[in-house]
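Participant: Below is the structure I would like to discuss, written out as structure tokens.
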Amino acid sequence: MLQSYKNNVLRLKDKVLDVVYPGHCPICDELLPYVETTDGSISFGRMIHRDCAKKIRYVRGNTCMKCGKPLPGSEQEREYCRDCAKTRHVFDRGFSVFDYRSISGSIYKFKYMGRQEYARFYGKATGRLLGKELRRLGIDAIIPVPMYKPKQIKRGYNQADVYAKSVGRELGIPVYKNVIKRNKNTLPMKKLDARGRRNNLKKAFNIARNDVKFKCILIIDDIYTTGSTIDEIAHEFRIAGVEKIYFLTLAIGQTT
Ligand SMILES: [Zn+2]
Ligand SMILES: [Zn+2]
């Protein structure tokens, strides 16, 4: 009697949780449809509306061999994008999932409005588009780009951690959150020129643990712009002896 009462309460609690926290579509942010299964529980089958999924553009076709940025129509024959042709990057190679313009609103809500649940869709999309390629690289650690701690406490989470967790689950690769730390609150890169960007990042990161010996890592961030943040982190890991350093970002734009 008591047991069945308990079960009913638990089931009710699940239902309430589902109704209070149902899934939001990562594109339009409307609630996703749910189905009531035969045992009375509610299940959410879909992570995105079918029509909303059609609005997303993925990174496909010819991309820069270094940063993975899509090459514009006039530069299809080139190996590297204009940025990588003139910048020496520390990382080996980068991958991105979405064309920035088609997903910018979604990423904004993911970063600033608490929509951590979008990571489920982001992780699945990453696995579908790049899973095979990424698994072949022999990555032994996923490293999310860290946030300055006081800033993270204020926001409640680091979006790169949340995305990395979802990707790690998808690829079956462990995520290490506390290996590298951000020492200062760097300014938003888009507000600075090239020199300002370099100064801004000087000694911004340091490896907090020396007991981890990785050979091949995948640095994860939300958006790729100039690559300077990823280069700074890659630089620290190079010094620590990591041989192969790749990065993965949710979104990337075309050459600016
Ligand atoms: Zn939608
Ligand atoms: Zn490039």
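The values are calculated or read from the model by the stated rules, or taken from the named source; none is laboratory data. Bear in mind the structure is a predicted one, so any value in this text is a computation, not a measurement. Here Cβ is always computed from backbone atoms with ideal geometry, including for glycine, and neighbour counts include all displayed protein chains.
Participant: What's the number of the condition TYR118 fails, among (1) closer than 25 Å to ASP231 by Cα; (2) within 11 Å of the chain's Cα centre (by Cα)?
Facilitator: Failed condition: (1).
Participant: Among the numbered conditions (1) within 16 Å of ligand 1 (Cβ to nearest atom); (2) in contact with a Leu (Cβ under 9 Å, 6 or more places away or on another chain), tell me where GLU77 comes up short.
Facilitator: (1)
Participant: Working carefully through the options VAL90, VAL167, find the one that is at pLDDT 95 or above, touching a helix residue (DSSP H, G or I) at 6+ places or on another chain (Cβ under 8 Å) and surrounded by fewer than 18 Cβ atoms within 10 Å (Cβ to Cβ). Show your work before the answer.
Facilitator: Details: VAL167 fails: surrounded by fewer than 18 Cβ atoms within 10 Å (Cβ to Cβ).
Unique residue meeting the criteria: VAL90.
Participant: Select, from TYR100, TYR58, TYR108, the only residue that is under 13 Å from the mean Cα position of the chain (by Cα) and in contact (Cβ under 8 Å) with a residue 24 or more places away in the chain. Show your work before the answer.
Facilitator: Working: TYR58 fails: under 13 Å from the mean Cα position of the chain (by Cα); TYR108 fails: in contact (Cβ under 8 Å) with a residue 24 or more places away in the chain.
Checking each option against the conditions leaves just TYR100.
Participant: Which of the numbered conditions does TYR80 fail, given that it passes all the others? Conditions: (1) surrounded by 12 or more Cβ atoms within 10 Å (Cβ to Cβ); (2) modelled with pLDDT under 85; (3) within 16 Å of ligand 2 (Cβ to nearest atom).
Facilitator: Against the list (1) surrounded by 12 or more Cβ atoms within 10 Å (Cβ to Cβ); (2) modelled with pLDDT under 85; (3) within 16 Å of ligand 2 (Cβ to nearest atom), TYR80 comes up short only on (2).
Residues are listed down the side, and each one gets a yes or a no for (1) more than 12 Å from ligand 2 (Cβ to nearest atom); (2) of a type in the set (Lys, Arg); (3) closer than 12 Å to GLY68 by Cβ; (4) in a strand (DSSP E or B):
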residue: HIS89; (1), (2), (3), (4): no, no, yes, no
residue: SER96; (1), (2), (3), (4): no, no, yes, yes
residue: SER104; (1), (2), (3), (4): yes, no, no, no
residue: PHE110; (1), (2), (3), (4): yes, no, no, no
residue: GLN116; (1), (2), (3), (4): yes, no, no, no
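Participant: Going by the structure shown, is ARG136 surrounded by fewer than 22 Cβ atoms within 10 Å (Cβ to Cβ) and over 21 Å from ALA234 (Cβ atoms)? Steps first, please.
Facilitator: On the way: surrounded by fewer than 22 Cβ atoms within 10 Å (Cβ to Cβ): yes; over 21 Å from ALA234 (Cβ atoms): no.
It is false that ARG136 is surrounded by fewer than 22 Cβ atoms within 10 Å (Cβ to Cβ) and over 21 Å from ALA234 (Cβ atoms).
Participant: So, one more: In the range 118-153, which residues are among the charged types (D, E, K, R) and in a helix (DSSP H, G or I)?
Facilitator: Kept after step one, since they are among the charged types (D, E, K, R), are these residues of the range 118-153: 120, 124, 128, 132-133, 135-136, 140, 149, 151.
Matches in the range 118-153: ARG120, LYS124, ARG128, LYS132, GLU133, ARG135, ARG136, LYS149, LYS151.
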